[in-house]
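Chemist: Below is the structure I would like to discuss, written out as structure tokens.
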Amino acid sequence: MKKLSLLLLFMVSLLWSNEAVTLQLSWLNQFQFAGFYVAKERGYYRDAGLDVTINDARNKMDPYTSVMEGKAQYAVGHTSIIIESMKSSPIVLMAAIYQSSPMMLLVREDSGIRSAKDLRGKRIMLTGDAASGVEIQAMLRSVGLTPEDYHLQPHSYDPRSLERNETDAMASYLSNEPFILEKMGVKTRVIHPKEYGFDFYSDILFASRNEYLKHPERMNAFYNASIRGWIWAFDHVEEAADLIYRKYNPQKKSLESLIYEGNTLKKLAFRSNAPFGQLDPNRMAMIAQGYRLMGAVNDTFSSKPIMYDNTTLRLSTKEKQWLRDHPIIRVGIDHNWPPVESVDEKGRHIGISASYLKLLEKRLGVRFEIDYSRKLWSDSIHSVQTKELDMLSCAAVTEKRQEHLLFSRPYLKQSIVIVANSDVGFVNDLMDLKGKKVAVVRSYATEEYLRTNHPNIIPVLADSSLEALQKVASGEAYACIEGLGVASYIIERYNLNHLKVVGETPYRYELAFAFRDDWGPLVSISDKVLASLSASEYQQIHGQWMVHDGRGEFVNYRVIWSIAAFIALLFILIVYKNRRLDVLVRQRTDELESFNQRLQDEIAKAVEKNHKQEKLLMQQAKMAEIGSMLESIAHQWRQPLNILGLSMTRLNLNSLAGGNSETLKIIEIAEAQIEYMSQTIDDFRNFFKHDRDQRSVNINALINEVETLLGPLLMRKRIKIDRNIDPEIEVSVYPNELKQVMINLINNAREAIEQHKGGERVIHIGCQSDEAECTLTVEDTGGGIPEAIMDKIFDPYFTTKFESQGTGIGLYMAKTIIEKHFLGKLSVHNGTKGACFEIRLSRRNSAL
């Protein structure tokens, strides 16, 4: 009987114990693997019925071998694991933890190395595993460098090799070595393959095909718990870093370095409009092609990789039974929080949260019964806490709410910003609002943040975001704090154009489903639905509702009004004194009137100056937007262009062996065109980058780059460039700023020639130099500048064009750059056939 009892006890313990699985990491424990530690320590694996052992690289087990030999069910591998999956290897790819690899080349700031091209003849430390660093090799090859063009060194795995000048460039992790060297006082520069079009995934979570086929529920449980851990880790970087510092720190890293690592990796883990961990088949094919073309693998790929289908919803037996027991779920909503959620004129629940609820209904087979009776958000929250309702469709996660509610993983995040009237200047932070009235919505997270952390700010409660913003518009409140997307949407929809974003707060909304505290199963179920969301579904939901999060430019009027207040006080004191000195009344009155007029003139000038500054900022913002757009285009084009270039190189080698001269000629033409396109992308991207240091620049080479940018336009306008430049002249400048000046001057010359409509259409560019000075000239054949306006053309906002054709700041900015940034001189005079702009630059610090 006793033996039977022990046997039964043993069988029950087996029944209730969690399944044991092992995860093999590719390197030592650090923030790089934070999500897995979080899932283990916060009980996500345990809740999913798993007992997970995490092994780091100290066991010297290769992740791929570990999985193949059954020593681990799951592993994290390099991007090269994609190649294994394409060679019919029995593995399943589950997620890409990092959408962009942190692997890059690190050089010293004082090395003079600015780009991959500058590494010719330099010493480079790469890891022994060629496949793991193929993106670096591809980057070097894309700029024309072969292994014979640089000195390859074995990797020391010691950042001090750079400090001691034992190497010129070192393969490093963006999240690690830059921080270490900065603490040593060594400034560094990053040369990242991503900038050259080789944007590879990193840290691929994978499993064996056997695990995929025989244990699909376990695999699903591991996937969902892991993703949940990663989301939490990146939402709580400092807390995750502290956990790693205490329990997963074999390298004895400092807490500060782990926080730095976390914040850096967070930027690489997320991609716009894509769920966390996404693996794009097209992008993987491009990466695989890069490996093959670099010779890292010789095989042609016999199959497509098997990827874990996380869009298939896999619920446990208990979860399915729970849904059958709860076919109707009562939902509380916010009636007035567009575009997140609101009730339209037909009484329907609409917005982002409504779209998510429809998705859950479709996937789960339940019905969400929307409660329209509670008009106030505070009533809806209270009703879920008292279990009159079952859940909220959308609620911000806060510590106070977590005491009474359960939350799903966030499905929407919004920065919380400060909104005020357009005459309010920039607000640095919430401390600037001390003693002021700030509108917030009753029972919103923003009210909790103010009351808990900012007792010196006076909350003005409203029943909706629209009402809160209207209180600012009417002057009842000085400012409002609200989500950026919501504020932007309401301001645009209700034409509150006199309101604008004037600052940021340290807070952001993390919006999720909120459930009554005894409905834990629905939390797990909803998390699985959110994890199964495809990229297209995500984009469809968010793209339909979210407006562009544009931010207005900030104009600081605080100085103006401080001066006005001071002078007004002075005015009062003088008036007071005048009452006591009746003899001087008329004299003082005349003085005050004159003073008051000067005051008004000064204020008017100050306001006009700030208005001009605002226009200048807007123009600079437009330039930044263009730069960002070109950066995006360059990024999208660069990788296929480089792959095409590598393909042509490979084809060229094969044709050389065959000896087909006609084929070689065609390949040569194609390679030249690819190089031209690649260089054009570089020219555009570099033009919009801000130079940090002056450097010696060859004037002839710089004009070549400018002509590359403007050449097609000039050709269409049938305008020729005539150059008379000594090819040896060099001068120390900020290259991109001098390019900007030259582009402005050449464009002005082009416009003058077009308006003049003369027979000769030539722009003459010359450069002369002596030991002290370099003189650049741009002369057109456009008929010259009228003497009446010659003195005004460098004034800001002076233009002879229609407003739609010009802002009048091009020549002003050019003069500012030459005379303030370069301490040179920009002048203009009329030549024989047109205007001649002359730039004089000092060569005292230039390379002769």
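Chemist: Top to bottom by accessible area (1.4 Å), largest first, where do Met61, Met284, Met431, Met184 land?
Modeler: Met431, Met184, Met61, Met284
Chemist: Can you give me the C-alpha center-to-center distance between region 724-772 and region 437-457, rounded to a whole angstrom?
Modeler: Computed from Cα coordinates, the inter-centre distance equals 57 Å.
Chemist: Ignoring everything but the protein chains, give the 1.4 Å probe accessible area of Asp309 in square angstrom, nearest 10.
Modeler: For Asp309, solvent-accessible area is about 60 Å².
Chemist: Oh, and also: Sorting His756, His192, His764 by accessible area (1.4 Å probe), largest first, what list results?
Modeler: The residues order as His756, His764, His192, largest area first.
Chemist: Using the structure shown, list the pairs from Lys387/Lys437; Lys122/Lys183; Lys183/Lys825; Lys117/Lys183; Lys122/Lys720 with a Cα-Cα distance above 32 Å, or answer none.
Modeler: Lys387/Lys437; Lys183/Lys825; Lys122/Lys720
Chemist: Between the alpha-carbon centers of region 388-423 and region 341-355, tell me the distance in whole angstrom.
Modeler: Measuring centre to centre over Cα atoms gives 17 Å.
Chemist: Right, another one. Cross-link list Lys375/Lys400; Lys267/Lys358; Lys792/Lys833: which exceed 25 angstrom alpha carbon to alpha carbon?
Modeler: In this structure, Lys267/Lys358 lie more than 25 Å apart at Cα.
Chemist: Ranked by accessible surface with a 1.4 Å probe, highest first, in what order do Met742, Met68 come?
Modeler: Numbers: Met742 0, Met68 70 Å².
Order by accessible area, largest first: Met68, Met742.
Chemist: Just how much of Lys117 is accessible, in Å², when a 1.4 Å probe is used and the result is rounded to the nearest 10?
Modeler: Here the residue's solvent-accessible area equals roughly 100 Å².
The values are calculated or read from the model by the stated rules, or taken from the named source; none is laboratory data. As the structure is a prediction and not an experimental result, all values here were calculated from the model. Just so you know, the surface numbers come from the protein's heavy atoms only, side chains and all, with ligands and any DNA or RNA stripped out. Shrake-Rupley method; radii C 1.70, N 1.55, O 1.52, S 1.80 Å.
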